[in-house]
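A quick write-up on the structure given underneath.
The values are calculated or read from the model by the stated rules, or taken from the named source; none is laboratory data. What you see is a predicted model, and the numbers here were worked out from it, not measured in a lab. Every residue, glycine among them, receives a Cβ derived from its backbone with ideal geometry; neighbour counts consider all protein chains shown.
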Amino acid sequence: MLSELNVLYVEDDVEIAEEVLFLLEKKLHHVDMTYDGQEGLQKYKAQKPDIIITDIQMPKLSGLDMIAAIKEDDESVPIIITSAFNETDKLLRAIELKVDAYLTKPIDMHELLHKIDKLTRSKFLEQEVNELQYIRAKQSALKYQKLLELSAKMSEMLFWEFDAETTSFAFNDLSYHFLGTSIEKEKSYTMPFMHYVNTFVAAQDRQTVINVLNEALHQSMDYVTTFEYRLEKANGKVIEVSCTAYITYNKARKLDKAYGTVLNIEKIRAKQRETERSLALIDQYISYYSMDLDGNITTLSSAFSELIGYDKKELIGKNQSILMDKKIQESFYEDLWKTVSEDKVFIAEVKSRKKDTSLLWLQLKILPLYDDNNVKNGYMVIEQDITNKKIIEELSITDSLTKLYNRRYFISIFPKELSRAKRENITIAFVMLDVDNFKLYNDTYGHPAGDVALSKIATVLKEFANRGSDTAFRMGGEEFSLILQFEHKEQLQQHLQRLIESVENLRIPHANNKASKYITISAGVVCILKDNRLSHEELYKVADELLYKAKSNGRNQYILTCSQTC
């Protein structure tokens, strides 16, 4: 079958295009190659290929815009899109455009050929459907007969009547037209039951229809039954139908009459298949899970299962908190549940953990779910892997030597921390510190030794800022800073004294340090209380002045003050 196909391949990366084209031409009858969406659309209109393979991002006309134009012309043409990125918004647009398959680059040729074969086979078969509509006969035989008469003009509905005494069917005009025959050819509005079965019912379904009649023969009460089978029209075309029959019995409780409708369900099944294909694509490529009102996971997609490293069975019924990083602040959860409890959409970037405990950064969107009575019964969580993005962000805000946050991040975060402290009614301290006589240390021991010393001091600072509410920064050179949360002034003083002593206890020799024979630090500290009125620039200036005073007083010490009465 592959050898008979005409394929259109659209790819703007010449290297990728030539490689894929070389392999496709070995297996396929004919492959047309274009390098942008505009040329691809022109080639489609001229060639009408059996299947299209296209990239998303291209010059002149994007792959998605080209697909939209093609689908307006022919919704049935199979389309496979390729992309180097698994971008949720583009995938959702592709699903809306009814794209049949999605492959990420580099392209696996075995998988590509498999999808081409699968999609083109289904193209040449009859479309299946997806939604069944049955007309239930709930009225008496007389009312049902009147309904048939009134509905005889409906274009999609076929009506028949079966007489048990003559074992023959009577049809309306539309039924004959649908079957591809005519009243003139059949010479009557009626035809024998077995003639109908042997002539118009597909061979593999004839026994199904006969079984329905046999079941009716063994009943004694009026009833309605619905069943499906395939009709083979006079021209050989096979169509799937749904038949609803209302069966009646005479006073002797013998089969009397049956009245029925035949509904062409081809379009309905095609729509169902389309929906199932879309759901399969979403399950495969969109990372999501749903949870009940208590946060217990009820369903999850295959994409999310693969992303997080858990089998679906391992997560169903578990609380979603097992996926979160243990260091996430309680305020995050408070904000989350407050937002969703108000039926609002919650959006955030959050740390998560895979099954192997490796770190994962996710952008999550949490939406409320409702039952058929519009009562909220859970939440849908859609997640996108942004780990690489966060790594890049982390590099941009991290000091390369000490791995502490850099001055750039301090400038952005300090005002936010002040706002958070006021909002949450907590007390924080801003600490500015630097290494005593560090220029003399570099002049004596060399800059490589100075870098080693700074790294060791940074390790101490990390230990003293290891809570989720604390942060350490390298401001530049030998200058560092800390943002610390505390409850009592005495607690902070003890913490700062241990910090001063811990650096000296590193026992890094410093012959030219007058404060000690080892490397030491000095610090200026500002307590920032809930009634603080100083700006972040003013607080920085106060801490800097206190640091200068600590150095003037002999170094290897800290000096502390409060923004208001402490």
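If the condition is being within 15 Å of the chain's Cα centre (by Cα) and crowded, with 16+ Cβ neighbours inside 10 Å, then segment 347-364 contributes 361, 362, 363, 364. Residues in segment 315-331 include at least one that is more than 30 Å from residue 465 (Cβ to Cβ), surrounded by 13 or more Cβ atoms within 10 Å (Cβ to Cβ), touching a helix residue (DSSP H, G or I) at 6+ places or on another chain (Cβ under 9 Å) and not assigned by TED's automatic domain parsing to the domain that holds residue 467. Of everything listed in (1) touching a residue at least 60 places away in the same chain (Cβ under 8 Å); (2) surrounded by fewer than 19 Cβ atoms within 10 Å (Cβ to Cβ); (3) assigned by TED's automatic domain parsing to the domain that holds residue 304; (4) not aromatic (Phe, Trp, Tyr), the single unmet condition for residue 375 is (1). The residues in segment 1-46 that are of a type in the set (Val, Ile, Thr) and in contact with an Asp or Glu (Cβ under 6 Å, 6 or more places away or on another chain) can be counted, and the count is 1. Here is the figure for segment 466-492: residues that are free of Cβ contacts under 8 Å to residues at least 40 places away in the same chain and within 17 Å of residue 403 (Cβ to Cβ) total 2. Within segment 299-313, the set of residues being part of a helix (DSSP H, G or I), surrounded by 14 or more Cβ atoms within 10 Å (Cβ to Cβ) and not aromatic (Phe, Trp, Tyr) comprises 302, 303, 305, 307, 308, 312.
Being over 28 Å from residue 387 (Cβ atoms), touching a residue at least 40 places away in the same chain (Cβ under 8 Å) and assigned to a helix (DSSP H, G or I) holds for only one residue in 116, 70, and it is 116. Under the condition of being in contact (Cβ under 8 Å) with a residue 60 or more places away in the chain and within 22 Å of residue 368 (Cα to Cα), the residues counted in segment 296-315 number 2. The set of residues in segment 398-412 being crowded, with 17+ Cβ neighbours inside 10 Å and among the hydrophobic types (A, V, I, L, M, F, W, C) consists of 404, 410.
Checking every residue in segment 43-65 against the condition of being on the phi > 0 side of the Ramachandran plot, surrounded by fewer than 21 Cβ atoms within 10 Å (Cβ to Cβ) and charged (D, E, K, R) gives at least one match. Considering segment 14-41, the residues that are assigned to a strand (DSSP E or B) and not hydrophobic (A, V, I, L, M, F, W, C) include one that is surrounded by the most Cβ atoms within 10 Å (Cβ to Cβ), namely 34. Could you tell me whether any residue of segment 258-275 is over 20 Å from residue 200 (Cα atoms) and assigned to a strand (DSSP E or B)? Scanning segment 258-275, I find no residue that is over 20 Å from residue 200 (Cα atoms) and assigned to a strand (DSSP E or B), so the answer is no. A single entry from 523, 515, 543 fulfils the requirement of being in contact (Cβ under 8 Å) with a residue 40 or more places away in the chain and in a loop (DSSP other than H, G, I, E, B): 515.
All conditions but one from (1) modelled with pLDDT of 70 or more; (2) out of contact with any Phe, Trp or Tyr (no Cβ under 9 Å at 6 or more places or on another chain); (3) crowded, with 16+ Cβ neighbours inside 10 Å; (4) hydrophobic (A, V, I, L, M, F, W, C) apply to residue 109; the one that does not is (3). Close Cβ contacts (under 8 Å, 6 or more residues apart or on different chains) running from residues in segment 318-332 that are of a type in the set (Lys, Arg) to residues that are in a loop (DSSP other than H, G, I, E, B) comprise 327/468.
Here is a yes/no grid of residues against (1) surrounded by 18 or more Cβ atoms within 10 Å (Cβ to Cβ); (2) aromatic (Phe, Trp, Tyr); (3) not assigned by TED's automatic domain parsing to the domain that holds residue 82:
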| residue | (1), (2), (3) |
| --- | --- |
| 246 | yes, yes, yes |
| 251 | no, no, yes |
| 254 | no, no, yes |
| 260 | yes, no, yes |
| 273 | no, no, yes |
| 276 | no, no, yes |
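To keep it simple, each residue is scored yes or no on (1) of a type in the set (Phe, Trp, Tyr); (2) in contact with a helix residue (DSSP H, G or I) (Cβ under 9 Å, 6 or more places away or on another chain); (3) buried (at least 18 other Cβ atoms within 10 Å of the Cβ).
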residue	(1), (2), (3)
500	no, no, yes
516	no, yes, no
527	no, yes, yes
550	no, no, yes
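Here is the figure for segment 148-170: residues that are among the hydrophobic types (A, V, I, L, M, F, W, C), modelled with pLDDT of 80 or more and out of contact with any Leu (no Cβ under 6 Å at 6 or more places or on another chain) total 4.
For segment 515-563, residues that are polar (S, T, N, Q) and over 23 Å from residue 411 (Cα atoms) total 6.
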